[in-house]
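The values are calculated or read from the model by the stated rules, or taken from the named source; none is laboratory data. Keep in mind it's a predicted model, so treat the numbers as computed, not measured. Using ideal geometry, Cβ is built from the backbone for each residue, glycine included, and neighbour counts are taken over all protein chains shown. For accessibility, only protein heavy atoms count, side chains too; no ligands or nucleic acids. Shrake-Rupley method; radii C 1.70, N 1.55, O 1.52, S 1.80 Å.
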Amino acid sequence: MSGHSTYEPKTGFTRWLDARLPIVRLAHDSFVDFPTPKNLNYWWTFGGILALCLGIQIVTGVVLAMHYVPNANLAFNSVEHIMRDVNHGWMIRYIHANGASMFFLAVYIHMFRGIYYGSYKPPREILWILGCIIYLLMMATAFMGYVLPWGQMSYFGAVVITNLMGALPIVGKSITTWLWGGFAVDNPTLNRFFSLHYLLPFMIAGVVVLHIWALHVPGNNNPRGVEVKSKEDTVPFHPYYTVKDGFAMSVFLILFASFVFFMPDALGHPDNYVPANPLVTPAHIVPEWYFLPFYAILRAVPDKLTGVLMMFGSIGLLFVLPWIDRSKVRSMRYRPTARLFFLIFIVVCLLLGLCGSHEPDDKIFANLAGFNLLDSNLNSYTWLSRFLAVYYYAFYAILFLLSWIEKPLPVPESISAPVLKAGKKG
Amino acid sequence: MANTVVETSPPAGHGDDPNRRDFIHIVAATAAVGGVVAFAWPLIDEMNPSADVLALSSIEFDLSKVTVGQQVVVKWQGKPVFVRHRTPKEIAEAVHDDHAPMKDPATDASRHKPGKPEWLIVIGVCTHLGCVPNFGLGDYGGWLCPCHGSVYDTAGRIRKGPAPLNLFLPDYTFLSDTKIKVG
């Protein structure tokens, strides 16, 4: 926090309230007078955008739950009922469904921003880990939400993901039976997924509060990655960043609305408009786009258990990132080598997503015959995802090594210093 | 009488005896932890299959409906069960491959009931990640899983792809020549 509070209650009532529950003071110190580095760029607006996304998902979700029936025989029809009969139901559902994609789009940008500017480094490790926990909760919530319409993709998505647990030695089978509440994904599974899908967003909201609390102890990182040295380095959160965040949210909502109103099913899969049938698997199973890179890593490994461990490990590494990257320089603006590997890392994550959306045996270059290496053709997405998965892991090792090898560029002594110097020259 | 004095040991300050205090702390903490665990267990076990789910554990099926070369999929415990009436050629291929290199070696004879090689009854769930394999596809004429390309032969044995095990065999018995009970 900024030290002592600047809030002064003006009326009799606010003085009375402040002595009993200083909630207005808390809001004032957190979102009005909070000293914020004055050089935050638009990459920093995604925190606010994410809060907006969470709010939209909770509000639309609560409303949808008033019409949805979590029963294997009725779920699919109740979603169609929402789409066709409920007043504005189509719009509310499309906002909720596309909202999940927008939420993940924003969180990925937010996370890449954190990595690029070293926002996980001391003293913000807990802040970063809380963010990783939010991300895990988001993935669990999104997965269970996708199961609820009980279409073919819902059903077999649930089958494949719950079967991942079956890869665990000894306890695997009992855990999957426990998760299912039966001997296959069925009505009990749908019921509990609905219950948890309703619960988890509120747990996310709770962790978000901790995330903001942990943010407000050291204050924001900033694009230069140097700590705030004096009052001259900061501006009050309101109106400077309320307005900047507000503008970014408006732009983001334009993208959001263009999906909802002009291509509501572009990010979904047509097979999910076919009711779940446990006896027939659709020809091509894919998860939602935001899981594709992890799905590609899972399939890249020929051994089932190792594949599952590699997939979870790819997320687990994020948690220990503050202790992998030991470089004293936060911002990659001043770390040209790290920046290069980071940019490759982004491309690799996107390409992994591409691999996840293809059949493993699909050819990358249609006209090239390629040749077999071990179990698959070298000109197939299987091998491409293997190379990419290796880089995904290697990136963390590279960051670790660069902590010692890399010679960073000179870092400015404060946020204001370079600007003042440039001013004097001019 | 005054020359006899009865002396009892002075009562130790109850609250000051460190051993007693520790004992009370330990007992109280143990009881609290035990209580939480005892309460947590029903909340965890509640997610296991309920009595009505367990009660649906067996079905009967009339085999006369399945002609030679055909497969009928029956739902048992929420899972597909493949009832396949194998042709003599399919049986011969499966027996011929008994000693071919396999991930999960098994003879054809171990995959069906004695004297009933024409009836192959397996759980239609890929042992990789649980998709339902497609009938008659793949290099071995058995099944091909659409999800990650596991290939099974005409005895339901895994021959290619990521699946680690052969298709599972359900518990079943022949009630008569044309009727089976699964489960």
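Below, the figures for the structure above:
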item	result
Amide hydrogen neighbours beyond the local backbone of A:Val235, cut-off 5 Å, H modeled	A:Thr36, A:Lys38
Amide H partners (placed H, <5 Å) of B:Thr154, local residues excluded	B:Gly142
Cα gyration tensor, segment A:177-240 - rounded (a/c under 1.5), prolate or oblate	prolate
Accessible-area order (highest first, 1.4 angstrom probe) of the listed residues A:Tyr273, A:Tyr381	A:Tyr273, A:Tyr381
The protein assembly as shown, Rg to Rh (Cα coordinates; Rh as Kirkwood inverse mean 1/r)	1.07
Percent RCO, i.e. relative contact order, over chain A, from Cα pairs under 8 Å lying at least 6 residues apart	21
MRE, 222 nm, helices only [DSSP H, n ≥ 4, -39500 (n - 2.57), over chain B, to nearest 500]	-7500 deg cm²/dmol
Local net charge near A:Gly166, Cβ-Cβ under 9 Å (Lys/Arg +1, Asp/Glu -1)	+2
Mean Cα-pair separation over length for segment A:33-287, i.e. relative contact order, pairs under 8 Å, 6 or more apart, %	36
Debye equation applied to the C-alpha atoms of segment A:33-287, log10 I(q)/I(0) at 0.07, 0.12, 0.13, 0.14 Å⁻¹	-0.30, -0.79, -0.90, -1.00
Estimated distance in nm for a label pair at B:Val33 and A:Asn367, the labels positioned 7 Å out from Cα along Cα-to-Cβ	7.0
Part-to-part distance (alpha-carbon centres) for segment A:297-361 and segment B:50-87, which is given in Å	44
Relative contact order (%) - criterion: Cα under 8 Å, at least six apart; region: segment B:45-111	20
Segment A:205-258: C-alpha gyration tensor shape, a/c 1.5 cut-off, then a/b vs b/c	oblate
Compactness relative to 2.2 N^0.38 Å, alpha carbon Rg of segment A:284-426	1.36
Violating pairs (Cα-Cα greater than 25 angstrom) within the set A:Lys173/B:Lys75; B:Lys116/B:Lys181; A:Lys121/A:Lys421; B:Lys65/B:Lys116; B:Lys103/B:Lys181	A:Lys121/A:Lys421; B:Lys103/B:Lys181
Residue pairs, from the table A:Lys38/A:Lys244; A:Lys231/A:Lys328; A:Lys244/A:Lys424; A:Lys10/A:Lys229, whose Cα atoms sit over 21 Å apart	A:Lys231/A:Lys328; A:Lys244/A:Lys424; A:Lys10/A:Lys229
Within straight-line cross-link reach of B:Lys113, aspartates and glutamates at Cα separation under 20 Å, skipping those fewer than 8 residues along the same chain	B:Glu60, B:Asp62, B:Glu90, B:Glu93, B:Asp97, B:Asp98, B:Asp104, B:Asp153, B:Asp171, B:Asp177
Cα-based radius of gyration of segment A:142-258 once divided by 2.2 N^0.38 Å, which approximates compact folds	1.64
